[in-house]
Ligand SMILES: [Zn+2]
């Protein structure tokens, strides 16, 4: 059987809700998208639930099924180790990895107030701050080190014997003004490993503050009217898991094009080829043409290529539906060179993001599959409303991936026992 190559486009946070200034339509419904509309006309559309209907998920959870992981793995995989892989940390059996923010904090008695959860979205000097903190001895045989990721984000590596990830986050979320920085605690009182880990985190928060509050870089930031990066907020701890995806099992070579460290780290964890370029910024200024060009060359050396665009989600988080509409139109324009009669093309997302509130929602994601030799449904445009009428119906992301692989004629050797990868 002839197999087809596949291009799976993931427009982060694509699905949206009606925007009052768009007459109740979504950014995708009002964007000019002739290329995606023609793919919808010549293919099949549907509404896709990332995991379960109505359940909002984060980016890394939403990516799990699209990357070929089971639902069990999707709910168990913590973001800390995914981000650790993104910054190049390799597996150490005894290490625990946390996803952290540099933040601006202020001492208030024995606790800390949070003034800015992202330290003014600091994007310069975090490498120097992390390396000046260095390897911290937290006692009890545990050491800590910080490894900068994108902007204010940083990965914390805790190393030593007897650590546990069964602890609470120190992140109070959006209620940070009232709650302040949370003290780390074991989820189950009396759990010796979790209590030890929590003690180490609380010690580290103090040490980081002592080392950074008067750091020359922070003094310069204050002089320039910027908030200091003098604290860390820790969440999503986990060990680097040994996971194998359905794609590896089926011996499908995959490549990942993204400007976001989380997605790249995840792809690396699964053994996919990464395509990086400083012009892929993971933001609104990303170079769409360069990404499309990279996809064309990646398709020569892979069976399946993931093309990830983060800017759509960022526009929604910024509650800027105009910008989301503009990005969608620009992206639509950029993908014209990718459309041909041999390539199976899928468009979907890791989750929906509502531009009215800036939050991820459990709304299903408008999605399509164009197979030059496949079925055609009655959809003639690509949008949330048009996809309700599509031939793919309403399925979850793993079902979407399986359907996509079948369109590529790559499931010929799929056995019932391979179903273990799906649950
Ligand atoms: Zn996302």
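Summary table
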item	result
Failed criterion for residue 52 (all others in (1) out of contact with any helix residue (DSSP H, G or I) (no Cβ under 6 Å at 6 or more places or on another chain); (2) over 30 Å from residue 385 (Cβ atoms); (3) modelled with pLDDT under 95; (4) more than 16 Å from the ligand (Cβ to nearest atom) hold)	(2)
Within the range 353-413, strands (runs of 3 or more DSSP E) holding 1 or more residues that are in contact (Cβ under 8 Å) with a residue 40 or more places away in the chain and away from the ligand (no atom under 16 Å from the Cβ)	365-370, 393-396
Conditions (1) within 23 Å of residue 419 (Cα to Cα); (2) within 16 Å of the ligand (Cβ to nearest atom): number failed by residue 75	(2)
One residue from 286, 312, 281 being within 16 Å of the ligand (Cβ to nearest atom) and out of contact with any helix residue (DSSP H, G or I) (no Cβ under 7 Å at 6 or more places or on another chain)	281
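The values are calculated or read from the model by the stated rules, or taken from the named source; none is laboratory data. From a predicted model like this one, the values you see are computed outputs, not experimental measurements. Cβ atoms come from the backbone with ideal geometry, glycine included; neighbour counts cover every protein chain shown.
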